[in-house]
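**Q** For reference, the structure I am asking about is given below.
Throughout, read-outs are computed from the coordinates displayed, never taken from laboratory work. Keep in mind the model is a prediction, meaning the values are calculated, not measured. Here Cβ is always computed from backbone atoms with ideal geometry, including for glycine, and neighbour counts include all displayed protein chains.
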Amino acid sequence: MLVGLVRPTAGEAEILGRPLGDLRVRARIGYLPELFRYPDWLAAREVLAFHARLLRLEHAQPAIDAALEEVGLRERARDRVGTYSKGMQQRLGLAVALLGAPEIVFFDEPTSALDPVGRSDVRALIERLRARGTTVFLNSHLLGEVERVCDRVCIVDRGRVVAEGAVGALTGEARGARVRLDDGWHEYDVAADEIPELVARLVREGARVHAVEPKQTTLEERFIALVRHE
């Protein structure tokens, strides 16, 4: 609905200060669908040139070069899409979404086809976009990725928002701590403000403390508790 592909059955919404579906807004947003396919016989540069024409970009070639460079495909820009791996096709989809330096980008499961290196590259890309002031709207079931890159999170269950806010506010600290001593890790049932006293007591008793990890609820744990109505 936000990118104008589906009409809402009720209600109203705005994006970049304009109603949904506004053509002037569409040129200012980028979109990477979860499932997409480009013709195998086109080269990556041709795919981007086609989308640049749809966007009516005045300076298409510099924009195409910048998008290819951003996703690491410049050396393969003239190769046909049919020769690309799934991960490379995902990178091409990201390049299409970034054409023209949009003000807001929508990424739907952007790391689904990527290996660990590719996922790390996408995280770095999102951080660069955020540093430039671009808003990134990320949809993902990989909640570990969400927890690492997002400032704010919205959890939806059966079409309804069940939690929304900063990542730290949704996860928070849980009771307990893990302490690594000479003989390995030990778990203690203490509140967060009791951890300094726990460490001091262990040292007084002659233990050597190598590391302390306060227990925290992960976003995945919070998500499961919410959708199971715990």
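**Q** Match the structure shown to one of the listed values (i) 16.3, 47; (ii) 25.2, 79; (iii) 22.8, 72 of Rg and Dmax of the Cα atoms in Å, computed from it, and give that label.
**A** (iii)
**Q** Rounded to the nearest 0.05, what FRET efficiency do THR218 and HIS186 have when you use their Cβ-Cβ distance and R0 = 22 Å?
**A** Once rounded, the FRET efficiency stands at 0.60.
**Q** I would also like to ask the following. Please build a GNM for the chain, connecting alpha carbons under 10 Å apart, and tell me which residue among ASP193, ASP40, ASP115 fluctuates the most.
**A** Among ASP193, ASP40, ASP115, the largest GNM mean-square fluctuation belongs to ASP193.
**Q** Further, regarding this structure: Starting with the fewest neighbours, write out GLU103, GLU145 ranked by other beta-carbon atoms found within 10 Å of each beta-carbon.
**A** Least to most surrounded, the residues fall as GLU103, GLU145.
**Q** What size of dipole, in debye to the nearest 20, comes out for the chain about its Cα centre when the only charges are +1 on Lys and Arg C-beta atoms and -1 on Asp and Glu C-beta atoms?
**A** Numbers: 33 positive and 36 negative charges, 195 e Å.
In debye, rounded to 20, the chain gives about 940.
**Q** Based on alpha-carbon centroids, what's the gap between the range 151-213 and the range 13-84 in Å, whole number please?
**A** 43 Å
**Q** Now, a different point. Please arrange ASP151, ASP108 by counting, for each residue, the other beta carbons lying within 10 Å of its beta carbon, fewest first.
**A** Lowest count first: ASP151, ASP108.
**Q** Non-local amide H neighbours of LEU42 (under 5 Å, H modeled in plane, Pro and chain starts lacking H): which ones?
**A** The list, which skips near neighbours in sequence, is VAL81, GLY82.
**Q** Same structure again: I'd like the trypsin sites (Lys or Arg not before Pro) in the range 44-132 restricted to DSSP loop residues with at most 10 other Cβ atoms within 10 Å, sorted by number. It would help to have the intermediate numbers written out before the result.
**A** Details: sites: ARG45, ARG53, ARG56, ARG74, ARG76, ARG78, ARG80, LYS86, ARG91, ARG119, ARG123, ARG128, ARG130, ARG132; in loops: ARG56, ARG78, ARG132.
The qualifying sites are ARG56, ARG78, ARG132.
**Q** Quick one: among ILE155, ILE195, ILE104, which has the greatest mean-square fluctuation in a GNM of the chain with alpha-carbon springs under 10 angstrom?
**A** ILE195
**Q** Once the cut-off is 15 Å, how many percent of the Cα-Cα pairs in the range 7-50 end up in the long-distance tail?
**A** Within the range 7-50, distances greater than 15 Å cover 62 percent of Cα pairs.
**Q** Further, regarding this structure: With springs only between Cα atoms under 10 Å, which of GLU58, GLU127, GLU213 fluctuates most in a Gaussian network model of the chain?
**A** The residue with the greatest mean-square fluctuation here is GLU213.
**Q** Then there is this: When DSSP assigns beta bridges and you keep just the ones with both residues in the chain, what percent turn out antiparallel, to the nearest 5?
**A** Expressed as a percentage, antiparallel bridges in the chain total about 70.
**Q** Then there's this: What's the FRET efficiency of ASN139 with THR83 using the Cβ-Cβ distance as r and R₀ = 22 Å, to the nearest 0.05?
**A** It comes out at approximately 0.15.
**Q** Three principal axis extents, largest first, for the C-alpha atoms of the range 59-190, in Å?
**A** Principal extents (Cα only, largest first): 60, 40, 29 Å.
**Q** Further question on the same structure: Check each of the trypsin sites (Lys or Arg not before Pro) in the range 153-230 and keep only those in coil by DSSP with at most 16 other C-beta atoms within 10 angstrom; list them in order.
**A** Hits after loop and neighbour filter: ARG158, ARG208, ARG228.
**Q** As a test, work out the antiparallel percent of DSSP beta bridges whose residues both lie in the range 70-193, rounded to the nearest 5.
**A** Given both bridge residues lie in the range 70-193, the antiparallel proportion sits at roughly 70 percent.
**Q** Counting Lys and Arg as +1 and Asp and Glu as -1, each charge on the Cβ, what is the dipole of the range 131-212 about the Cα centre in debye, to the nearest 20?
**A** On the way: 11 positive and 14 negative charges, 64 e Å.
Approximately 300 debye in magnitude.
**Q** For a footprinting-style exposure proxy, rank THR218, THR134 by other Cβ within 10 Å, fewest first.
**A** Lowest to highest Cβ neighbour count: THR218, THR134.
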